[in-house]
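Structure first, then comments.
Read-outs: derived from the displayed coordinates by stated rules, not from any lab. Computed from a prediction, not measured in an experiment: that's the story for all the values here. Virtual Cβ from ideal backbone geometry, glycine too; neighbours counted across all protein chains shown.
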Amino acid sequence: MKNCHVCGFECENDAEVCLVCGAELKTFEAYEQELKEAEELEAKKAAEEALIVKNPVLAASVDNVVAAEIYKDVLRDNNIVFTCDESEDAMQIVFGGGFSAQEIYVNEKDLEIAQQLYETVVNAEMEFGDEDFEDFEEFEEE
């Protein structure tokens, strides 16, 4: 037998509703599980909402494909949500063999830091030494 948490009436173990007051008869564990599931759902919704660019502003127009990918990685590393004018997997080649610029948008509140990060990426000097290529296998010509 289990007691109703509202009126205290002693109910059968398999009863789902109290016969006296009509309260739903759940165990404390069932209430905890429902609360946990509701919190997880709310957290998931909040996480999905955080991935939406609500007030998009142009952070950078990048005409170098490699620089654009590096810039997007830097934005990701700094937890700045962005969107582009083309898909992540697409590369757009224009007449004459050049690449078109990729426009990258961020939330308005993130614009200043995104532009600072872009300047850092553009002004970074890429220097590679032999140690950078140690993990690559050398191809032997036969």
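Net charge around residue 107, counting only other residues with Cβ within less than 13 Å of its Cβ (Lys, Arg = +1; Asp, Glu = -1)? Net charge in that neighbourhood comes out at -2. Measuring r between the beta carbons of residue 21 and residue 46 and using R0 = 41 Å, the FRET efficiency lands at 0.70.
Looking at the stretch 1-50, I'd like the Rg to Rh ratio, where Rg is from alpha-carbon atoms and Rh is Kirkwood's inverse mean 1/r.
Values: Rg = 15.5 Å, Rh = 12.5 Å.
Using Cα coordinates only, the ratio equals 1.24.
Excluding same-chain neighbours fewer than eight residues apart, the lysines reachable from residue 72 by a Cα-Cα span under 23 Å are 54, 109. Exposure proxy ranking for 6, 74, based on other Cβ atoms within 10 angstrom of each Cβ and starting from the fewest, stands as 6, 74.
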